[in-house]
Amino acid sequence: MSILKSTAIFGSFTMISRILGFIRDILMAAVLGAGAITDCFVVAFKLPNFFRRLFAEGAFSASYVPIFSATLEKDGKEVALKFAEEAFACLLITLLLFVAIFELFTPALIFTIANGFVDDEAKFSLAVILTRYTFPFILFVSLGSLLAGILNSLGRFAETAAVPIILNICMISALVFAANTLETPAHALAIAVSVAGFIQLIFLFRACYSAGYRIKFKMPKLTPKVKKLLIVMGPAALGAGVIQLNLLLDMIIASHLPDASMSYLYYADRLNQLPVGVIGVALGTVLLPLLSRNIASGDEVLVLKNQNQAIEMGLFFTVPAAVAFIVVPADLIHVLLERSSFTSEATAQTSLTLMAYAAGLPAYVLAKVFVPGYFARNDTKTPLKFAIVALFINVSLNLILMQYFAHVGLAMATAISAWINVFMLASGLMLRGHYKIENSLLIRLFKYLICSVIMGSAVWLIRPLVKELIYGNAAEQVAGLLILVFSGFAVYLFATFLTKTVKKEELKALFSKR
């Protein structure tokens, strides 16, 4: 049950982070609203996050974690620590050069990825300034990803899952205490992002030290293991780059839509990312070192078991979440975001966007499960090929659907391309004999769908009974939303026990000390 327990630990801390993230977004919606200033901050905040996913969660983690885990499994702690120090030195030099170049050429970067801002000089200048404030975040968080990889390989997921909490606390503090101290609240937020990155790095250094892995600074050298890391990292970097290019193209297209379009996409995606972060990212993070160790020891049976178990767990949570986002999106957005500068029109538009994103929610999580099956085998080329296909499909659908559905069309294109990507990932593993869908898994997935439909119907019937609370004062809104959420959760759990989808023995095993 290690995969379930590890995912539960990681997911619990991620849930805390996401709750703080919602508090942050509620404050952002109230202070910034949905308009030009928010659009500028969204660009400035997304840019370092794009490259964070490229360096930290993309190419580097996909290449580094399997090699470190296999080294730890075969050669022991000392050899693994030496490799970590060598990789840290190379990553540090690379990132320093990268950040310096992009700080210098920020205007050209904004011109490229948000050229819809060019006609508005004030908007363009603000986006440049905010991006320069946020960009050092890449340096700190990418170095932190190496330290997080060490901790994850040791099975210590609590520390790495707790790291995003620091970012949300810093941003919330900026909104509460420094919103009116600078030219705009967005300036305070942008500075808080980089400050948070530095604190995260120090936190992970201390966590590694307490685990017995003290990283010492060395001059970078191209040792055999570092060369292997770079070779494997090449296709992974291109694959992660394609994914980020996909997101950047979405941003470029959205910048040509009316004001607030980026804001609608941002807030809807933030809600949609809650189950993706709590379940999908947790599963992917836990699976990569786990599968790497299974493969290093030659246990393919355990590899298959762990992958199917991860799929079951991921869809158990994400299918009902997707149904809920489709059934009552307006109520969620209204209670969480609609206040001050965030209007009822913003709620309506964000709700439609959330419904479109939610259609692809299970696919986003399944991708997190299937990709480690390639990376754990040091195959970073195949996911790259699939990512390129998904990119062309997404961009084509963007250009078509935006003509009819504006920003909602961009979300629809994202969902469709996500499902196509998952189909390709699963098919690729099955054709190689690295994955097999078991009948028991298909039966469970069908039951998840039935139970989710029952839950969605129950929530739809309960909704009129709490409508006055949902649209009442602040306390009544929270009470009404909690009634909807917990009622839906209770109905879903009852349905899973009624259909014997989840057994009592499995829950006991999950929470047992053994």
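The values are calculated or read from the model by the stated rules, or taken from the named source; none is laboratory data. The shown structure was predicted, so the numbers you read here are calculated from the model rather than taken from an experiment. FYI the Cβ positions are ideal-geometry reconstructions off the backbone, even for glycines, and counts take in every protein chain you see. Areas reflect the complete protein model, heavy atoms only, side chains present, ligands, DNA and RNA absent. Shrake-Rupley method; radii C 1.70, N 1.55, O 1.52, S 1.80 Å.
Here is a yes/no grid of residues against (1) at pLDDT 75 or above; (2) of a type in the set (D, E, K, R):
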{"site": "ALA240", "(1), (2)": "no, no"}
{"site": "GLN244", "(1), (2)": "no, no"}
{"site": "LEU247", "(1), (2)": "no, no"}
{"site": "ASP250", "(1), (2)": "no, yes"}
{"site": "LEU257", "(1), (2)": "yes, no"}
{"site": "MET262", "(1), (2)": "yes, no"}
Can you work out which of the residues in segment 272-304 that are farther than 13 Å from VAL369 by Cβ and hydrophobic (A, V, I, L, M, F, W, C) is surrounded by the fewest Cβ atoms within 10 Å (Cβ to Cβ)?
VAL301
Selection from segment 168-190 of residues surrounded by 18 or more Cβ atoms within 10 Å (Cβ to Cβ) and in a helix (DSSP H, G or I) yields ASN168, CYS170, MET171, ILE172, ALA174, LEU175, PRO185, ALA186, HIS187, ALA188, LEU189, ALA190
Can you go through GLY116, GLY149, GLY76, GLY155 and tell me which one is of a type outside the set (A, V, I, L, M, F, W, C), within 27 Å of the chain's Cα centre (by Cα) and on the phi > 0 side of the Ramachandran plot?
GLY155
In segment 305-332, residue least open to solvent (accessible area, probe 1.4 Å) [restricted to those that are among the charged types (D, E, K, R) and touching a residue at least 12 places away in the same chain (Cβ under 8 Å)]:
ASP331
Just need a number here: residues in segment 200-226 that are open to solvent by 70 Å² or more (accessible area, probe 1.4 Å) and in a helix (DSSP H, G or I).
6
Residue match in segment 422-436 (condition: at pLDDT below 90 and either touching a Gly at 6+ places or on another chain (Cβ under 8 Å) or buried (at least 18 other Cβ atoms within 10 Å of the Cβ) (or both)):
yes
Restricting attention to segment 333-383, which residues are open to solvent by less than 40 Å² (accessible area, probe 1.4 Å), assigned to a loop (DSSP other than H, G, I, E, B) and closer than 22 Å to PRO289 by Cα?
ALA376, ASP379, THR380
For segment 455-500, give me each residue that is touching a Cys at 6+ places or on another chain (Cβ under 9 Å) and open to solvent by less than 90 Å² (accessible area, probe 1.4 Å).
VAL491, TYR492, LEU493, ALA495, THR496, THR499
Taking segment 401-419 and the residues there that are under 18 Å from LEU315 (Cβ atoms) and open to solvent by 10 Å² or more (accessible area, probe 1.4 Å), the one that is farthest from the chain's Cα centre (by Cα) would be TRP419
List the number of the failed condition for VAL323; all other conditions in (1) modelled with pLDDT under 80; (2) under 30 Å from GLU345 (Cβ atoms) hold.
(1)
Of the residues ALA122, ALA161, ALA127, which is crowded, with 20+ Cβ neighbours inside 10 Å and over 23 Å from SER292 (Cβ atoms)?
ALA127
Does segment 266-278 contain any residue that is at pLDDT below 75 and either among the hydroxyl-bearing types (Ser, Thr, Tyr) or within 30 Å of ASP331 (Cβ to Cβ) (or both)?
yes
Are any residues in segment 384-395 open to solvent by 60 Å² or more (accessible area, probe 1.4 Å) and either under 11 Å from ILE416 (Cβ atoms) or basic (Lys, Arg) (or both), and if so, which ones?
LYS385
